[in-house]
1. So which residues in the stretch 127-154 are of a type in the set (G, A, S) and either touching a Cys at 6+ places or on another chain (Cβ under 9 Å) or at pLDDT below 95 (or both)?
2. Please give the number of the condition I73 fails out of (1) out of contact with any Leu (no Cβ under 6 Å at 6 or more places or on another chain); (2) within 21 Å of N114 (Cα to Cα).
3. Being loosely packed, with under 13 Cβ neighbours inside 10 Å and not hydrophobic (A, V, I, L, M, F, W, C) is the filter; apply it to the stretch 7-22 and report the residue that is nearest to M97 (Cα to Cα).
4. Residues being free of Cβ contacts under 8 Å to residues at least 24 places away in the same chain and buried (at least 20 other Cβ atoms within 10 Å of the Cβ): count how many of those fall in the stretch 101-150.
5. Quick one: would you say A95 is touching a strand residue (DSSP E or B) at 6+ places or on another chain (Cβ under 7 Å), assigned to a helix (DSSP H, G or I) and either at positive phi or in contact (Cβ under 8 Å) with a residue 24 or more places away in the chain (or both)?
Amino acid sequence: MPEEFMLHEETERSDALVAELAELWERSVRATHNFLAEGGVEFYKPYAVEAIKCLPLVMTARADGKAAAFMGITGAHLDALFAAPEYFGCGAGAALMREALARGVRSVDVNEQNPRARRFYEKHGFQIVSRRKTDDCGNPYPILRMELPEGKDRQRQTNNPRAFLTRGGCVLFLRFISRYIRNWNRSGLSFRYS
């Protein structure tokens, strides 16, 4: 496996790119989210696809031209970070995390039942500040809010002009998607997953 990854800001969200990242998301979730009930991946996939299309910033870590991992950022919040299973532990996620920190990311939400992800964020200095019993779809998958403590990595942020521009608001990945769920629910469709 390569140790160097090329980071690329994905400004054009072509159908091919969205399909590539959605496939990576699905393989990553199947490898790490074994707590999801039958049909869970299929339930969440349309929301993941919509997020890939709409998140303000999407970056990929590429190896040999293909996406090894990707992340989505809104303001100072890391909305998503997923790596292809074959790149777990190879540095693709860490490379994206370093870039996220340089851009001023201060918070992330993680499924409580995904201990690997929790350890990854703790390794990068994040600490649990709150816990919700359900995800934003109302399903019984507790969500941990993790944040960098005040002063952590502050020097790196203040020396990076991009960080100043991205320290603004914080939008949760699933809350971003929840807008679509609420709109669809208003149209009479039910998106409650059980």
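1. Let us first name the residues in the stretch 127-154 that are of a type in the set (G, A, S), namely 130, 138, 151.
Within the stretch 127-154, G138, G151 meet the criteria.
2. All conditions pass for I73, except number (1).
3. Step one: filter the stretch 7-22 for residues loosely packed, with under 13 Cβ neighbours inside 10 Å, giving 9, 11-12, 14-16, 19.
With the extra rule that they be not hydrophobic (A, V, I, L, M, F, W, C), the set shrinks to 9, 11-12, 14-15.
On the way: E9: 14, T11: 19, E12: 21, S14: 24, D15: 25 Å.
Among residues in the stretch 7-22 that are loosely packed, with under 13 Cβ neighbours inside 10 Å and not hydrophobic (A, V, I, L, M, F, W, C), the one nearest to M97 (Cα to Cα) is E9.
4. Number of matching residues: 1.
5. On the way: touching a strand residue (DSSP E or B) at 6+ places or on another chain (Cβ under 7 Å): yes; assigned to a helix (DSSP H, G or I): yes; either at positive phi or in contact (Cβ under 8 Å) with a residue 24 or more places away in the chain (or both): yes.
So A95 passes the test.
The values are calculated or read from the model by the stated rules, or taken from the named source; none is laboratory data. This one's a predicted model, so the numbers in the text were calculated from it and none came from an experiment. Neighbour counts run over all protein chains shown; Cβ positions are idealised from the backbone, glycine included.
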